[in-house]
Amino acid sequence: MKSEPIVMSWEEYELMPWRLGWKHEYFNGMAYLTPRQQSVLTVIEVAPRNDTPQSFKIRPVVSTDVLELKHLFFEIFHDSVEYCNYEERDIQESAQSCIDNYFAAVKGEPSKVSCVAISPEGELIGIALIIEQPERYPYLRLLGVSPSWQRRGVATSLMATILNQLVSTPFTQLESRYFLANEASRNWHHRFGFQDQLDLFVARLFYRHAQHELWRQEKLGQLPEKDLSRLASEVEQWQAEVDRQEVAFEATYTRELS
């Protein structure tokens, strides 16, 4: 089953939590929610990690993994928000392109620290592909775990393995991107320790999300005053971030014109 846009009546929509990273539109008497094609750059400092696999093994990626990697890509993403409303053949083509481009070094050199997770039965259940580019930090091109193995520490162990290997290199940071509408991916990056590198557009989305949640909870009237105060503080923090981003944007724009 592929991921599809969410359609609901205004009565259902009005007081529901605002979905961060989704477009909220209303027409013909119905509300329509679709994921924005928006990603967020996020980075983590290279440092040793102690997260080790328990019931699975981790090994380096090898070229003979190609076919299995393509199958795993489709298994992971065929029902994800990243491919909302895509046809299956388009997702399969994306899987082919992503894996082939990695091994062909189309967007960067495949890194030796890239690795896969293997189940006790010998099946490929997780993947973390890293690319390296001149004068850039290494970049997490793809991270995914088979649905039947998710929430079992596979992604965490893959990334811990990568960071532990990067410790012995000159690199001091690792970059990644998460799809803003993918709440699970966003939360995982933050729990693992990645720090968002926000731009003005994304900061405004976080601000509007916080604003709406405060308005919604005030409307429902069910939250204790201390929790409403916490939400109000969050709105103020995001307002300050938007203000900071606007000043930075104006300064950059002025420099480019001069």
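Under the rule of at least 5 residues apart or a separate chain, name every residue whose amide H is placed under 5 Å from the amide H of Leu20.
none
At a 1.4 Å probe radius, carbon and sulfur cover how many percent of the accessible area of the chain?
Working: 7230 of 14640 Å².
Its accessible area is 49 percent carbon and sulfur atoms.
For the chain, modelled as a GNM with alpha-carbon contacts under 10 angstrom, which of Val106, Val66, Val46 fluctuates the most?
Comparing Val106, Val66, Val46 in the GNM, the peak value goes to Val106.
Quick one: give the max-minus-min coordinate of the C-alpha atoms of segment 69-155 along each principal axis, largest first, in Å.
37, 32, 20
Of Glu225, Glu246, Glu183, which has the largest mean-square fluctuation in a 10 Å C-alpha GNM of the chain?
Most flexible of the set in this elastic network: Glu225.
If the elastic network links every pair of Cα atoms under 10 Å, which of Val81, Val235, Val62 fluctuates the most in the Gaussian network model of the chain?
Per the Cα network of the chain with a 10 Å cutoff, Val62 tops the list.
Give, in nm to one decimal, the length gained when the segment between Arg208 and Phe27 is fully stretched (0.36 nm per residue of separation minus the Cα-Cα distance). The partial results should precede the final answer.
Values: separation 181, 0.36 × 181 = 65.16 nm, distance 2.07 nm.
Extending this stretch completely gives an extra 63.1 nm.
Distance in nm between label sites at Asp227 and Ala248, each 7 Å beyond Cα in the beta-carbon direction?
In this crude spin-label approximation the distance works out to 3.3 nm.
Using only DSSP helix segments of four residues or longer, with each worth -39500 (n - 2.57), what per-residue ellipticity at 222 nm results for the chain after dividing by its residue count and rounding to 500? Show your work: numbers first, answer last.
Numbers: 7 runs with 110 residues, N = 258.
Calculated at 222 nm, the ellipticity per residue is -14000 deg cm²/dmol.
Over all distinct alpha-carbon pairs, what is the Kirkwood Rh of segment 47-86 in angstrom?
Details: mean 1/r = 0.0767 Å⁻¹.
When all Cα pairs of segment 47-86 are included, the Kirkwood radius is 13.0 Å.
Calculate, in nm to one decimal, what Leu257 and Gln37 gain on full extension: separation in residues at 0.36 nm each, minus their alpha carbon distance. Display every interim value, and only then the final one.
On the way: separation 220, 0.36 × 220 = 79.20 nm, distance 2.92 nm.
Working it through step by step, the gained length comes to 76.3 nm.
Rounded to the nearest 0.05, what FRET efficiency is calculated for Phe103 and Phe201 with R0 set to 35 Å and r the Cβ-Cβ distance? Present the calculation step by step, with values, prior to reporting the outcome.
On the way: r = 33 Å, r/R0 = 0.95.
Efficiency, from the Cβ-Cβ distance: 0.60.
Apply the Kirkwood formula to segment 6-96: the hydrodynamic radius equals the inverse of the mean of 1/r over all pairs of different alpha-carbon atoms; give it in Å with one decimal. Display every interim value, and only then the final one.
Numbers: mean 1/r = 0.0580 Å⁻¹.
Computed over Cα pairs of segment 6-96, the Kirkwood hydrodynamic radius comes out at 17.2 Å.
What residues have an amide H closer than 5 Å to that of Gln38, excluding those fewer than 5 places away on the same chain, when H is modeled at 1.01 Å from N in the peptide plane?
Leu180, Ala181
On each of the three principal axes of the Cα atoms of the chain, give max minus min coordinate, whole Å, ordered largest first.
Between the extreme Cα coordinates on each principal axis of the chain lie 55, 48, 40 Å.
Can you report the principal axis dimensions of segment 109-252 using only the alpha carbons, biggest first, rounded to whole angstrom?
53, 42, 21
Which three numbers, in whole Å and largest first, are the semi-axes of the equivalent ellipsoid of segment 162-239 derived from its Cα gyration tensor as √(5λ)?
Each semi-axis is the square root of five times an eigenvalue, giving 33, 13, 11 Å.
When ligands, DNA and RNA are left out and all protein chains stay put, how many square angstrom of accessible area per residue does segment 72-140 have with a 1.4 Å probe?
I get 50 Å² per residue for segment 72-140.
Restricting to the chain, compute how many DSSP beta bridges are antiparallel as a %, nearest 5.
Values: 35 of 36 bridges.
Here the share of antiparallel DSSP bridges comes out near 95 percent.
What's the center-to-center distance, using Cα atoms, between segment 80-141 and segment 1-51 in Å?
23 Å
Hey, what do the phi angles of segment 22-39 turn into as Karplus ³J(HN,Hα) couplings, whole Hz, using 6.51/-1.76/1.60 and θ = phi - 60°, x for Gly and Pro?
My calculation for segment 22-39 gives 10, 7, 10, 10, 9, 7, 6, x, 9, 9, 10, 10, 9, x, 6, 7, 10, 10 Hz in order.
The values are calculated or read from the model by the stated rules, or taken from the named source; none is laboratory data. All values derive from a computational prediction rather than experimental measurement. Virtual Cβ from ideal backbone geometry, glycine too; neighbours counted across all protein chains shown. The protein model used for the area step is the full one, side chains on, heavy atoms only, and it has no ligands, DNA or RNA in it. Shrake-Rupley method; radii C 1.70, N 1.55, O 1.52, S 1.80 Å.
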